[in-house]
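> Could you have a look at this structure, given as structure tokens, before my questions?
The values are calculated or read from the model by the stated rules, or taken from the named source; none is laboratory data. Remember, predicted model here, so these are calculated numbers, not experimental data. Positions of Cβ are backbone-derived with ideal geometry, glycine not excepted, and every protein chain shown enters the neighbour counts. For accessibility, only protein heavy atoms count, side chains too; no ligands or nucleic acids. Shrake-Rupley method; radii C 1.70, N 1.55, O 1.52, S 1.80 Å.
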Amino acid sequence: MLVNMNQMLAMAKEKHFAVGAFNISESNLVRTVIEAAEENDAPAIIAVHPTELAYCKDDFMKYVVARAGNSPVPFVIHMDHGDSIDSIMRAVHCGFTSVMIDASHLPLHENIEKTAEVVKYCHMVGVSVEGELGTIGDTGTSIEGGMTEVLYTDPEDAKKFVAETGVDTLAVAIGTCHGLYPKGVTPKLRMDVLEAIKAVVDIPLVLHGGSGNPDSEIAEAVKIGIQKVNISSDYKSAFFLKAREILSQEGSGWDPNNIFPACIDAGKAVIKQKMELFGCVGAAKYYRDANEPQWRQELN
Ligand SMILES: [Zn+2]
């Protein structure tokens with residue numbers, strides 16, 4: 001079933017679990033995410049970055065919408081780091097149920113203005129909106145771009161941003177980075193910053209760059225109040241590690257159905273472990289019990 005992010009995360013907040021958002025850009029990764037969720041009877045968010053949509057093309061999303069929509073477990077189809085009204089409208093046109101507008105590189109008042117505009121348009125068609133405040137770091141290995149420093153989210157700014165934009169969820173910068181961390185670098189999350197934001201903001205909070213962080217820190221962040229954790233590199237690296245192993249074997253051939261099933265299994269194992277960590281295994285039943293929510297219902 002398809003739901004928007006409000007419907008997905010309101011339940012997560014009520015029942016105290018988080019939902020993973022996993023980036024996809026082709027059919028084997030879609031299968032990895034959807035089948036892991038179904039095998040765990042867990043909700044999941046299918047995330048597509050504008051560069052991933054540019055790669056898989058708009059028509060591919062018809063398959064994703066149909067496959068996720070026909071499933072007994074709930075899915076959100078979410079644009080990750082939408083960067084313009086154009087990219088947001090393209091996502092809405094493709095059937096996404098949720099978008100992120102990332103204007104976090106702009107001064108606060110411009111970020112508010114741009115995000116509020118996206119909220120106005122998306123709420124007209126029942127699509128939820130995630131905003132971002134602060135700067136999530138970058139290890140330089142992800143699709144989001146080059147190496148950058150973390151700029152922690154200011155709690156007072158967060159309060160103002162949420163009130164003035166009407167966003168449904170907020171991505172906060174508390175010390176994670178996009179991509180995989182270089183050897184020897186261990187990220188340290190600022191739980192005090194998260195607690196301070198949580199104290200003044202009532203909407204669900206989002207943790208980007210969730211790959212490569214110690215399980216204990218992610219679990220603690222979920223306990224404090226993170227409802228969505230973005231995972232991309234962790235499960236894709238397991239998928240491609242297996243692909244490299246198979247392709248390096250003599251006689252591995254060239255048929256996708258000989259190569260990819262084991263890669264899908266390797267990716268699924270990582271996703272399932274994350275779902276355990278987020279506490280959402282078996283949680284799909286809550287959504288089924290809630291009268292089959294229609295994702296195009298009115299937002300607040
Ligand atoms: Zn991100």
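> Assess whether V19 counts as being within 16 Å of G95 (Cα to Cα) and of a type in the set (V, I, T).
Answer is no for this residue.
> Which pairs have Cβ atoms under 6 Å, sit 6 or more apart or on different chains, and link a residue in region 274-290 that is open to solvent by 60 Å² or more (accessible area, probe 1.4 Å) to one that is aliphatic (A, V, I, L, M)?
Within 6 Å, the pairs are V281/A42; V281/M275; Y286/M11.
> So if I check each of S248, S233, which one is in contact with a His (Cβ under 9 Å, 6 or more places away or on another chain) and farther than 19 Å from L170 by Cα?
Being in contact with a His (Cβ under 9 Å, 6 or more places away or on another chain) and farther than 19 Å from L170 by Cα holds for just one of S248, S233, which is S233.
> Which condition breaks for A66 when tested against (1) part of a helix (DSSP H, G or I); (2) open to solvent by less than 10 Å² (accessible area, probe 1.4 Å); (3) without any contact (Cβ under 8 Å) to a residue 40 or more places away in the chain?
(2)
Each row is one residue, and each column tells you yes or no for (1) outside any helix (DSSP H, G or I); (2) acidic (D, E).
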residue	(1), (2)
T51	no, no
A54	no, no
P72	yes, no
H78	yes, no
G95	yes, no
A116	no, no
G126	yes, no
E130	yes, yes
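> Return yes when A66 is on the phi < 0 side of the Ramachandran plot and more than 16 Å from the ligand (Cβ to nearest atom) and no when it is not.
It is true that A66 is on the phi < 0 side of the Ramachandran plot and more than 16 Å from the ligand (Cβ to nearest atom).
> Here is a further query. Six or more apart or on different chains, Cβ under 9 Å: which pairs go from a residue in region 87-107 that's within 27 Å of R67 (Cβ to Cβ) and touching a residue at least 60 places away in the same chain (Cβ under 8 Å) to one that's away from the ligand (no atom under 16 Å from the Cβ) and basic (K, R)? Could you list them?
Taking only residues 6 or more apart or on different chains, the pairs are T97/R296.
> Looking at this structure, is A54 more than 16 Å from the ligand (Cβ to nearest atom) and surrounded by 22 or more Cβ atoms within 10 Å (Cβ to Cβ)?
Here the answer is no, as A54 does not meet what is asked.
> Could you tell me whether S104 is within 16 Å of the ligand (Cβ to nearest atom), of a type outside the set (V, I, T), in a loop (DSSP other than H, G, I, E, B) and open to solvent by 10 Å² or more (accessible area, probe 1.4 Å)?
When the stated conditions are applied, S104 passes them.
> Then there is this: More than 15 Å from the ligand (Cβ to nearest atom) and open to solvent by 20 Å² or more (accessible area, probe 1.4 Å): does that describe V119?
no
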